[in-house]
1. Restrict the check to region 294-312 and report whether at least one residue is modelled with pLDDT under 70 and assigned to a helix (DSSP H, G or I).
2. Could you please tell me which pairs satisfy a Cβ distance under 7 Å, a separation of 6+ or placement on different chains, a first residue in region 130-150 that is at pLDDT 90 or above, and a second residue that is not in a helix (DSSP H, G or I)?
3. Would you say residue 153 is in contact with a Gly (Cβ under 8 Å, 6 or more places away or on another chain) and either more than 20 Å from residue 297 (Cα to Cα) or open to solvent by 60 Å² or more (accessible area, probe 1.4 Å) (or both)?
4. Could you list all residues from region 220-241 that are open to solvent by less than 70 Å² (accessible area, probe 1.4 Å) and aliphatic (A, V, I, L, M)?
5. Looking only at region 173-205, which residues are open to solvent by 40 Å² or more (accessible area, probe 1.4 Å) and either in a loop (DSSP other than H, G, I, E, B) or free of Cβ contacts under 8 Å to residues at least 60 places away in the same chain (or both)?
6. Please identify the pairs in which a residue from region 85-114 that is within 23 Å of residue 303 (Cα to Cα) has its Cβ atom under 9 Å from the Cβ atom of a residue that is open to solvent by less than 20 Å² (accessible area, probe 1.4 Å) and among the acidic types (Asp, Glu), counting only partners at least 6 apart or on another chain.
7. Just name the residue that is most open to solvent (accessible area, probe 1.4 Å) out of those in region 1-45 that are at pLDDT 80 or above and among the charged types (D, E, K, R).
8. For region 280-289, does any single residue satisfy the condition of being farther than 21 Å from residue 31 by Cβ, modelled with pLDDT under 80 and surrounded by fewer than 12 Cβ atoms within 10 Å (Cβ to Cβ)?
Amino acid sequence: MCVEIHLTDTEPPPSLQTMSNETLVTEFILQGFSEHPEYRVLLFSCFLSLYTVALTGNVLIILAITFNPGLHTPMYFFLFNLATMDMICTSSIMPKAMADLLSERSSISYGGCMAQLYFLTWSASSELLLLTVMAYDRYAAICHPLHYNTMMSKTCCGVLATGVWVLCAFNTAIHTGLMLRLSFCGPNVITHFFCEVPPLLRLSCSSTYVNSVMIVLADAFYGMLNFLMTVMSYGSIIASILKMRTSEGKKKAFSTCSSHLTVVCMYYTAVFYAYISPVSSYSAEKSKVAGVLYTMLSPTLNPLIYSLRNNEVKTALRKLFPFFRN
């Protein structure tokens, strides 16, 4: 049922617009970390550092892969896509979050909120799918080395990457479209530092049943199905490694997938912690912590975990930027 707000002898506040006895929200207030004002400077410094490192690391990865023919392999092709997704994810959140830490009133327009929701959901869901594709790539490399070039041909890699981007863009368009059909008629305070589906649904004054059903379906696909496929890939990889006779072979095989396994564990932990639960049990504090993990910490650590400690990437960076030789 929609909440009616009757105003007498006063003009509606700028975040509300009165239409047909209903006061519709035209902007939202992001609660952010306002309950801890004493940490604003510290949080701003941390966010700025993480954002700078995330952008720098992912840009270097993209440049190294683009301009070095030796890195034009399926593994680095998917890593290029992952770095691009990480930049979109963190850039859709961090500039606004840092600006809000420096201002007294953290507001975002209705359109800006929907745009932020779209790009964040698109990049985050794409990363989940891409991690599954990368797990399949490692499965093909370790379990079927003789058929690897056939299984992971350029055509196959292109189809997989395109499918990830298009499928997630379409899925995100559905969720954003369903959000646009909802009415928001006050209150308008989002208990987060960015626009996210669960807190927005709690603010709606119209039925969110269809949205909730679609969220359950998306959780089942992106969370459960992709997770099971990744686990199956690594189950086969571990079984193949254990069958190897030499310890050197086992060590080499494990080194090719340990970085990806680390990222998978870190990312899925944050996503499950934040989202694999009913909207009714949504916790603002828990979601903020998870939000920091997958929108800031993960894009910052991914380049370090995957490639900046990789000798092939280091060699490519030295060729591009001579100052890396020192």
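1. Yes, the conditions are met somewhere in region 294-312.
2. Listed by first residue and then by second, the contacts come to 137/152; 140/152.
3. No, not satisfied.
4. Correct list: 220, 237, 239, 241.
5. Answer for region 173-205, where residues must be open to solvent by 40 Å² or more (accessible area, probe 1.4 Å) and either in a loop (DSSP other than H, G, I, E, B) or free of Cβ contacts under 8 Å to residues at least 60 places away in the same chain (or both): 173, 174, 181, 183, 187, 191.
6. If the second residue must be open to solvent by less than 20 Å² (accessible area, probe 1.4 Å) and among the acidic types (Asp, Glu), the pairs left are 85/127; 86/127; 89/127.
7. Per the stated criteria, the residue is 38.
8. No; the residues of region 280-289 include none that is farther than 21 Å from residue 31 by Cβ, modelled with pLDDT under 80 and surrounded by fewer than 12 Cβ atoms within 10 Å (Cβ to Cβ).
The values are calculated or read from the model by the stated rules, or taken from the named source; none is laboratory data. What you see is a predicted model, and the numbers here were worked out from it, not measured in a lab. Ideal geometry is used to build each Cβ from the backbone, glycine not excepted, and the neighbour counts take in all protein chains shown. Only protein heavy atoms, including side chains, enter the accessible area calculation; ligands, DNA and RNA are left aside. Shrake-Rupley method; radii C 1.70, N 1.55, O 1.52, S 1.80 Å.
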